[in-house]
């Protein structure tokens, strides 16, 4: 697939659904729904350095919800996904979450980020509102078990274990970590260190960057001083791209490894030809060809959406919406938040067209799928 930037702005349209700030407020509903609709609330970055993560996930979810709504919805109810911008900042996410809960949304859906999700989850738990498919793999959101937290994607521990296996299989032992100095970055760092420790290894050097910044100079100095053979990155696409460009300029010739949250397409768009030698772990099916039935469905839905291109963040939103719809169907016409969660528990060994999910009464992480991809200098993603 040739490198293509997602052409989307805060005011663009997807199938007639305004992607800018929503103006209509959900009516308060005792069961989180009404006879005509199920309303979901999403707090995510729709402005700032992580904008593409929020936009792409949101648009992927909307693709499936619009398809379902066009066929009459689920049990006669349309699904509405309303969104508020948090700029990838926990304080703003908390305010958004309080508003969604006060407005009576059925569930909180597709929150983007570890720090923001950690800030929101206690509010969702207190309100007994499902916190569904957050775009993060942090262990702190999965342990201890929480009835109201439902995860579709694999964890960062799963991703970093796969990355470390790949790196060390080539004989490399000097591994550095560049991480975002918050709950997300530290979760990824912990995963790398955990995987290395199992091999009697430890990180060669560390460097960090503050959330929503690209000030990586000190991190670059600290990391390169140890002459690492490979660098694992746990950050957002702009900071990681800045680090890669500067490291290459200073002569670092090793590979970079990123976890999925970086935003593969956004990172590739930032790097251009410098994407060569950058690997990204993925927790979703390959979205650029109909390699699976699910990917084919996603691409077919995108076909008529002018200005939108396939990407991993988009298909993650699409998959999250598909899992949500399947659980809603199983819960039946008289669905409540609690019966919805019970329906999730019944989704054991469910195949979504080549992407299996497996939940249970004490198992709220549906997938452990991870594969590594490699970015190329001509804008392609190789599996």
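The values are calculated or read from the model by the stated rules, or taken from the named source; none is laboratory data. Computed from a predicted model, the values in this text were never measured in an experiment. Every residue, glycine as well, gets a Cβ built from its backbone with ideal geometry; the counts of neighbours run over all protein chains shown.
Working carefully through the options 175, 164, find the one that is crowded, with 24+ Cβ neighbours inside 10 Å, modelled with pLDDT of 95 or more, touching a strand residue (DSSP E or B) at 6+ places or on another chain (Cβ under 7 Å) and more than 28 Å from residue 91 (Cβ to Cβ).
Values: 164 fails: touching a strand residue (DSSP E or B) at 6+ places or on another chain (Cβ under 7 Å).
One residue alone meets the criteria, 175.
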Check your understanding: What is the number of the single condition among (1) surrounded by 18 or more Cβ atoms within 10 Å (Cβ to Cβ); (2) at pLDDT 95 or above; (3) more than 19 Å from residue 212 (Cα to Cα) that residue 128 does not meet?
Key -> (1)
Review point. Residue 228 passes all but one of (1) surrounded by fewer than 19 Cβ atoms within 10 Å (Cβ to Cβ); (2) over 17 Å from the mean Cα position of the chain (by Cα); which number fails?
Key: (1)
Practice item. Just give me the residues in segment 54-91 being in a helix (DSSP H, G or I), surrounded by fewer than 18 Cβ atoms within 10 Å (Cβ to Cβ) and touching a residue at least 24 places away in the same chain (Cβ under 8 Å), in sequence order. Key: 67, 91
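Please go through segment 34-53 and pick out each residue that is surrounded by 24 or more Cβ atoms within 10 Å (Cβ to Cβ) and under 13 Å from residue 84 (Cα atoms). Break it down into steps so the answer makes sense when it comes.
Going through segment 34-53, the residues surrounded by 24 or more Cβ atoms within 10 Å (Cβ to Cβ) turn out to be 38-46, 50, 52-53.
Once the filter is applied, which keeps residues that are surrounded by 24 or more Cβ atoms within 10 Å (Cβ to Cβ) and under 13 Å from residue 84 (Cα atoms), segment 34-53 yields 40, 41, 42, 43, 44, 45, 46.
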Exercise for review: Could you look through segment 289-335, keep only residues that are touching a strand residue (DSSP E or B) at 6+ places or on another chain (Cβ under 8 Å) and outside any helix (DSSP H, G or I), and pick out the one that is nearest to residue 262 (Cα to Cα)?
Suggested key: 308
Practice item. Only residues in segment 28-53 that are outside the structural domain of residue 104 (by TED's automatic domain parsing) and under 15 Å from residue 97 (Cα atoms) count as the first member; pair them with residues that are assigned to a helix (DSSP H, G or I) and modelled with pLDDT under 95, Cβ under 8 angstrom, at least 6 apart or cross-chain, and list the lot. Key: none
Practice item. Mind listing whichever residues of segment 337-350 are surrounded by fewer than 20 Cβ atoms within 10 Å (Cβ to Cβ) and in contact with a strand residue (DSSP E or B) (Cβ under 8 Å, 6 or more places away or on another chain)? Key: 337, 345, 347, 348, 349, 350
Review point. Residue 287 versus (1) out of contact with any helix residue (DSSP H, G or I) (no Cβ under 8 Å at 6 or more places or on another chain); (2) at pLDDT 95 or above: which is the lone unmet condition?
Key: (1)
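Going by the conditions given, is residue 251 more than 24 Å from residue 367 (Cα to Cα) and either in a strand (DSSP E or B) or without any contact (Cβ under 8 Å) to a residue 40 or more places away in the chain (or both)?
Details: more than 24 Å from residue 367 (Cα to Cα): yes; either in a strand (DSSP E or B) or without any contact (Cβ under 8 Å) to a residue 40 or more places away in the chain (or both): yes.
Taking the combined requirement at face value, the residue satisfies it.
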**Study point:** Flag for residue 315 being surrounded by 24 or more Cβ atoms within 10 Å (Cβ to Cβ) and within 26 Å of residue 39 (Cβ to Cβ)
**Key:** yes
Point to revise | Total residues in segment 357-382, condition under 19 Å from the mean Cα position of the chain (by Cα) and modelled with pLDDT under 95 | key: 1
Review point. So which residues in segment 202-234 are assigned to a loop (DSSP other than H, G, I, E, B), in contact with a helix residue (DSSP H, G or I) (Cβ under 7 Å, 6 or more places away or on another chain) and farther than 29 Å from residue 44 by Cβ, if there are any at all?
Key: 202, 203
